[in-house]
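The values are calculated or read from the model by the stated rules, or taken from the named source; none is laboratory data. If you're wondering where the values come from, they're calculated on a predicted model, not measured in any experiment. With ideal geometry, Cβ positions are generated from the backbone for all residues, glycine too; neighbour counts draw on all protein chains shown.
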Amino acid sequence: MIGVEKFFINGSTLEVEIADSFFKRLRGLMFRRRLEEGRGLLLAPCDGVHMFFMRFSIDVIYLDKDFCIKKIVRDLMPWLGVSFCFGAWGALELPSGEAERLKLVVGQKITRK
């Protein structure tokens, strides 16, 4: 079972599943039908993602160890998308459009409970 934690940013709360083992990261969001607004998946450690076997687009937020945003990739397409951020500690996967809704910017810090 993947653990769930609450993350806070810009007055909003995200329920984030933590994928912190090889097999949890390998599976990621593959084969799921969708990811709901206000939810996410943190792959850690992770500095790159692929979209093979994905059914929907996502936003990817790359974080350093202090949970500061290093890079934002919007609307990564299913099956075709690949993304990297060298030096990132983790990748927070969110539903497509969520980075815009939350007004995320590079350099911003995400708070964990």
Next item on the list: Go through the stretch 80-113 and count every residue that is surrounded by 11 or more Cβ atoms within 10 Å (Cβ to Cβ), in contact with a strand residue (DSSP E or B) (Cβ under 8 Å, 6 or more places away or on another chain) and not in a helix (DSSP H, G or I).
Entry: 22
Next item on the list: Exactly one condition in (1) at pLDDT below 95; (2) closer than 21 Å to Val4 by Cα is not met by Val82; state its number.
Entry: (2)
Check: Which one of these does Lys103 not meet: (1) within 17 Å of Thr13 (Cβ to Cβ); (2) under 10 Å from the mean Cα position of the chain (by Cα); (3) not hydroxyl-bearing (Ser, Thr, Tyr)?
Finding: (2)
Item checked: Out of Asp59, Asp64, Asp47, sole residue that is touching a Lys or Arg at 6+ places or on another chain (Cβ under 6 Å), buried (at least 17 other Cβ atoms within 10 Å of the Cβ) and not polar (S, T, N, Q) -> Asp59
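Restricting to the stretch 10-32, name every residue that is of a type outside the set (Asp, Glu), assigned to a loop (DSSP other than H, G, I, E, B) and farther than 12 Å from Glu93 by Cβ.
Passing the criteria: Asn10, Gly11, Ser21, Phe31.
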